[in-house]
Amino acid sequence: MANSKVQDNITMMKKLLIFTVVMFAFGYALVPLYEKFCEVTGINNLLQPDILVEDNWVDTERWVTVELDANTTGLPWQFKPLQSSVRINPGEPVSVMYEITNNTDREINGQAIPSYSPRFLDKHLKKFECFCFTKQVLKPKEVRQMPVQFVIEPNLPTDIHTVTISYTFFELPDGAKAIRDN
């Protein structure tokens with residue numbers, strides 16, 4: 001009887017060891033699997049540098065004015081674009097700068113959330129770099145300039161001549177993770 005319990009314990013330990021190894025391998029493979037899933041579904045493809053050359057052309061026959069807006073909600077920060085608008089050809093890569101200042105004597109965590117006008121603009125806007133992708137931590141009285149690099153695809157409807165990209169910064173509690181913008 002005691003020998004049977006020892007044998008059962010050894011069998012259970014082997015099963016648990018195998019389970020542990022399988023779960024470790026799954027955890028290790030999760031990032032590449034997620035990246036492959038995102039590639040296949042088209043989700044989270046904003047950081048791929050080859051997006052600029054993939055079936056993208058510049059429509060030099062028309063112009064779109066991109067108005068830039070910046071706001072804060074509940075934050076003692078000053079936040080503004082360094083230019084209020086840019087005039088671009090659809091398909092042309094664009095880089096704009098925003099400036100943020102922490103007006104307090106304490107370190108503050110913030111996250112910018114984008115909004116667009118017209119509402120469907122997100123289907124035609126591809127961002128390559130944006131401060132909104134990550135949590136921003138500003139030290140007391142710190143001033144920081146942050147780029148946004150994007151392209152508005154040429155398949156934007158031709159009756160659209162002006163679009164707005166707006167960012168609103170919210171305070172994040174200490175230890176909170178950033179909200180990822182896709």
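Are any of the residues in region 52-59 of a type outside the set (Lys, Arg) and at pLDDT 85 or above? Yes, region 52-59 has at least one match. The single condition among (1) modelled with pLDDT under 70; (2) under 28 Å from the mean Cα position of the chain (by Cα); (3) not charged (D, E, K, R) that Met1 does not satisfy is (2).
Screening the candidates Gly91, Gly110 for the property of being small (Gly, Ala, Ser) and either part of a loop (DSSP other than H, G, I, E, B) or closer than 21 Å to Glu61 by Cα (or both) yields one hit, Gly91. The residues of region 81-137 that are of a type in the set (A, V, I, L, M, F, W, C) and under 15 Å from Asn71 (Cα atoms), listed by number, are Leu82, Met97, Ile100, Ala112, Ile113, Phe131, Cys132.
Let's see how each residue does on (1) among the small types (Gly, Ala, Ser); (2) surrounded by fewer than 16 Cβ atoms within 10 Å (Cβ to Cβ); (3) out of contact with any Ser or Thr (no Cβ under 8 Å at 6 or more places or on another chain):
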residue	(1), (2), (3)
Pro114	no, no, no
Phe120	no, yes, yes
Lys126	no, no, yes
Phe133	no, no, yes
Val137	no, yes, yes
Pro147	no, yes, no
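Here Thr162 meets each of (1) loosely packed, with under 14 Cβ neighbours inside 10 Å; (2) out of contact with any Ser or Thr (no Cβ under 7 Å at 6 or more places or on another chain) with one exception, condition (2). Here the condition is being assigned to a strand (DSSP E or B) and closer than 23 Å to Leu172 by Cβ; of Lys80, Lys141, it holds for Lys80 alone. Residues in region 117-128 that are under 15 Å from the mean Cα position of the chain (by Cα) and either in contact (Cβ under 8 Å) with a residue 40 or more places away in the chain or not assigned by TED's automatic domain parsing to the domain that holds Ile160 (or both): Leu125, Lys126, Lys127, Phe128.
So the check is Cβ under 6 Å with 6+ separation or different chains; which pairs have a first residue in region 7-23 that's without any contact (Cβ under 8 Å) to a residue 60 or more places away in the chain and a second one that's assigned to a helix (DSSP H, G or I) and among the small types (Gly, Ala, Ser)? Between residues of region 7-23 that are without any contact (Cβ under 8 Å) to a residue 60 or more places away in the chain and residues that are assigned to a helix (DSSP H, G or I) and among the small types (Gly, Ala, Ser), there is no close pair. If you take the residues of region 149-159 that are surrounded by fewer than 18 Cβ atoms within 10 Å (Cβ to Cβ) and not β-branched (Val, Ile, Thr), which of them is nearest to Val58 (Cα to Cα)? Result: Glu153.
Test Ala70 against the criterion of being among the hydrophobic types (A, V, I, L, M, F, W, C), surrounded by 14 or more Cβ atoms within 10 Å (Cβ to Cβ) and closer than 29 Å to Thr158 by Cβ, and give yes or no. Against the criterion (among the hydrophobic types (A, V, I, L, M, F, W, C), surrounded by 14 or more Cβ atoms within 10 Å (Cβ to Cβ) and closer than 29 Å to Thr158 by Cβ), Ala70 qualifies. Of all the numbered requirements in (1) at pLDDT 90 or above; (2) not in a helix (DSSP H, G or I), Ile18 misses one, and that requirement is (2).
The values are calculated or read from the model by the stated rules, or taken from the named source; none is laboratory data. Given the structure is predicted, the values throughout are model-derived calculations rather than measurements. Glycine gets a Cβ as well: all are built from the backbone with ideal geometry, and neighbour counts include every protein chain shown.
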